[in-house]
Structure formats: C-alpha cells, structure tokens
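Here is the structure we will look at.
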Amino acid sequence: MRPPISEEIIDLRSDTVTKPTAAMRAAIASAEVGDDMSGEDPTVNRLERMVADLLDKEAAVYNCSGTQSNQMAIRAHCQQGDEILIDETGHIVNYEAGGPAALSGVSARCLRGRGGLLDVEDLEGKVRPDNQHCCITRLVCIENTTNLGGGRVWPLDQVVRVGEWARSHGLKVHLDGARLFNAAIAAGYSVKDFTSHVDSVSICFSKGLGCPMGSILVGDNATIQRARRARKLFGGALRQAGMMAAAAIYALENHVNRLSEDHDNARVFAESIARIDGVRLNVADVESNLVFFEIHPEFGTAAQLSATLLQRGVKINPTGPQRLRACTHLDVNQSQVIRAAEVIRASLSEGIQKSKSDVRGAYAAR
Ligand SMILES: Cc1ncc(COP(=O)(O)O)c(C=O)c1O
C-alpha cells in the first residue's frame, strides 16, 4: 500500500460531509424550542416563515431530509395510480429507494433530457390521454442544480417554458432544489425568480449550506397541509426541532453567498484534472460544485481509482463503471482541491490498483 501524500484526508465525496462550524453550533445551543407537532417550536416556525417568504410561497414545512421533502411533495400532489414525468437522472427516481411507488403508489415516466434538464420538446406528447386504460399524468419533477445530470444549472427561460407547458396541460411542477442556492449563486438569479414558475420546492440544509441535517418543503397552503400529513404518515413528524432549524437559519444568513467559493474551487479542480492523461472531462460542463469525470478504461475502473485515491488520502466516489463525482464544499479549500488533483495525476501515472473492488452500493451520488 502506498503511503498517503499527507496525513490529511481530503473528502470530496459530497457536500453532505460538512461539519457544523463553531458559530453554527452556538446558534444550535441557544435555540428556543417547543413541540413542533403542535406548531409550538418558535425557531421552526421562524425558519418556515423565512423560507416561504424568500421563495414567495404561502407556506413551508421543515423536515428531516431532502428525500423526505420530495416524497412528501409527491404524496401531496398525486393520487395513487398517478404518474410523474421526470428526467431519467432525477434523484427522486434513482436514489430515493423507490419512494414514489412505495410511499404514494405513483409511477415515474423517465425522460431523456440534457444534463438532467428537461425542455418542452422532451415533455411534449408525454401526457397520457384521458382514457380508462391510462394512468393520470399529474406532476413534472425537475432538479436544480442537477445531481447525476452533472451539476448543471437551469437557465431561467427554460423553467419559464416548462412551467407554462405544465400549467397549460393541467400539471403541477415540483422542484427538487436540494442545491437550489448553488444554482441561484451560479446563475445570478434569485431563488424567487426561479421558484415562481413551480408549485412546490424542496431545499436541503445539509448539503452546501453546511447544516447537520434538515430540509424544507415550500408551496401553497393546501399543498403544505397535505404534505404535513404525509410527514406524519412517513414517520418524520418532529418535536423540539428548533435546534436544527436554528442551524438552518444560521446557514441562510451566513452560508449562501460563500457558495461561489465552492464553485470556484470546483472549476479549479476541473481545470487541473482535465489536463491529466486518462481523465475525460469537459470543463465547460462544470457549472456548480459538482465535478463529474471519467477515467479511460485502459487505466482501470472508477471504483479502482476511488480505492487507490482513498489509500492516498483523497475520498471521491464512483458514480458509474468509469464515472466519478467530486464535490466541493465548506470543509475543503482551494489548496486542498489542487492537492487532490495532484493525487489523481500521481495515481494515474504510477498505475492504479487493479484489484477487484466491491462496488455494491458505491454508485450513490448523494
Ligand atoms: C438532487 C438531490 N435531491 C435530493 C437529495 C436527498 O437528500 P437527503 O440525502 O437529505 O435525503 C439529494 C442528496 O442526496 C440530492 O442530491
């Protein structure tokens, strides 16, 4: 086994790996709390109002995870037997344990967009006819930024088109905005500019925003009321959650603008690895904090590269046989991403371990 280049671990697996800062921990410790199930947690209430106002929607419900928010939205918008339209790379259909079918009796029609982004031409003709043989097409699900789609950012005019198309076909639109603030910072629009074209939005606090946990679902009063019932049904109703809501408020006030640093670091990393023999990557595709790249098969597999990097102190997960994803975040700086790129260069030029690696479950891109 080769020794690590440095003892320090550089963890680029996901922005979910961040640890709360001292200031965030202080906000957590001093939070006022109450029983959220009874609507009595003042900090949760403050967070829900704050995010609903930020997105210009009527209501919001705080909950445990992005998965839970998305599944609550599907349950709130759909009836059993309904169908959603979604890009084939969507987190909702790839990484949420079959939630639409298991929790809501909903099937998914997966469409092939570009970089995880759908446009009207992809959706046209996909609404089932009003006919007893067919399920009812109810909801379009989109993701901004896209995850498995490549960290892409939706242009504003595209969501306007998709929103108008959905409305004209009597469909609702749910936005999986796990990394919506990354998108807004990268594109230079406000979250409100984007969310005015969709009916519900989930946002994660535990990713780029750096909280230990938490997500929020935002929409109109009726949708959020149904989603609250789903939250209870799915076992996710909360009690003194104000401590975690305080972390989310702290993050909204202090960690949004700094996301541009993560995007800069992602670009620096991408530019560095794009020059390495055996790495395939289009730097122009890197629009946020996610960097997807491929290793040429003659150098080995993504899992083998990942295992070799781990031994040398760099954590990057495979997302496919030849594809890997690196993610920048609050807990990595520019010199660390440059060092990680150097480790990739050294590993590929010296030859990566060709041992058979166990990749079961390793392809999840959180
Ligand atoms: C686009 C997207 N949506 C939803 C989620 C789910 O979030 P969580 O892991 O909090 O359930 C993730 C993260 O894994 C994600 O990347």
Place a point 7 Å from Cα of GLN79 in the direction of its Cβ. Which residues in the stretch 93-131 have their backbone N less than 20 Å from it? 100-109, 127-131
So which residue, out of SER335, SER260, SER14, gets the largest mean-square fluctuation from a GNM of the chain using Cα contacts under 10 Å as springs? SER335
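For the stretch 37-104, which whole-number percentage of the solvent-accessible area (1.4 Å probe, protein heavy atoms only) is attributable to carbon and sulfur atoms?
Working: 1180 of 2550 Å².
It is 46 percent, rounded to a whole number.
How would you order 232-243, 68-79 from highest to lowest mean count of nearby Cβ atoms within 10 Å? Present the calculation step by step, with values, prior to reporting the outcome.
On the way: 232-243: 17.2, 68-79: 25.3.
Ranked from most to least packed, the peptides come out as 68-79, 232-243.
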Between ALA284 and GLU253, what FRET efficiency follows from the Cβ-Cβ distance if R0 is 30 Å, with the result rounded to 0.05? 0.35
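Mind checking which helices in the chain clear 20 Å along their axis (Cα) and have mean Kyte-Doolittle hydropathy of 0.5 or more, DSSP H runs only?
Working: long enough: 259-274 (22 Å, -0.38); 334-350 (24 Å, 0.07).
Passing helices, by number: none.
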In debye, nearest 20, what is the charge dipole magnitude of the chain about its Cα centre with +1 on Lys and Arg Cβ and -1 on Asp and Glu Cβ, if you could check? 820 debye
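Skip the ligands, DNA and RNA, and give the accessible area per residue of the chain with a 1.4 Å probe, whole Å². List each step's numbers first, then the result.
Working: 15250 Å² over 366 residues.
I get 42 Å² per residue for this part.
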Contour minus Cα-Cα span, ALA102 to ILE9, at 0.36 nm per residue, comes to 29.7 nm
Would you compute, for the Cα atoms of the stretch 31-254, the largest minus smallest coordinate along each principal axis and list the three values in descending order, in whole Å? 51, 38, 28
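Ignoring ligands, DNA and RNA, what percent of the accessible area of the stretch 206-297 is carbon or sulfur (1.4 Å)? Could the numbers behind the result be given before it?
Values: 1680 of 3730 Å².
With neighbouring chains kept in place, the figure for the stretch 206-297 is 45 percent.
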Gaussian network model of the chain, Cα springs within a sub-10 Å range: biggest mean-square fluctuation belongs to which of ALA270, ALA187, ALA326? ALA187
For the full complex of protein chains and a 1.4 angstrom probe, list LEU180, LEU156 by accessible area with the highest value first. LEU156, LEU180
Taking Cα pairs under 8 Å and at least six residues apart, what relative contact order does the chain come out at, in percent? 24 percent
Taking a label point 7 Å from the Cα of LYS19 along the Cα→Cβ vector, which residues of the stretch 287-325 have an amide N closer than 18 Å to it? 313-315
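Please give the contour-minus-distance gain from GLU350 to LEU310: 0.36 nm per residue of separation, less the Cα-Cα distance, rounded to one decimal in nm.
Working: separation 40, 0.36 × 40 = 14.40 nm, distance 1.52 nm.
Stretched fully, the GLU350-LEU310 segment lengthens by 12.9 nm.
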For the table LYS207/LYS354; LYS57/LYS172; LYS192/LYS315; LYS57/LYS232; LYS126/LYS172; LYS207/LYS315, the rows whose alpha-carbon distance is greater than 25 Å are LYS207/LYS354; LYS192/LYS315
Label ARG229 and TYR95 with points 7 Å out from Cα along Cα→Cβ: what is the distance between them in nm? 3.1 nm
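With r as the distance between the Cβ atoms of SER190 and ALA26 and R0 = 25 Å, compute the FRET efficiency 1/(1 + (r/R0)^6) and round to 0.05. All intermediate terms of the calculation are to be shown ahead of the outcome.
Working: r = 29 Å, r/R0 = 1.14.
Given R0 = 25 Å and the Cβ-Cβ separation, E is 0.30.
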Relative contact order for the stretch 15-87: what percent, with Cα pairs under 8 Å and sequence separation of 6 or more? 13 percent
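The values are calculated or read from the model by the stated rules, or taken from the named source; none is laboratory data. Fair warning: this is a prediction, and the values are worked out from it, not measured in the lab. Using ideal geometry, Cβ is built from the backbone for each residue, glycine included, and neighbour counts are taken over all protein chains shown. Areas reflect the complete protein model, heavy atoms only, side chains present, ligands, DNA and RNA absent. Shrake-Rupley method; radii C 1.70, N 1.55, O 1.52, S 1.80 Å.
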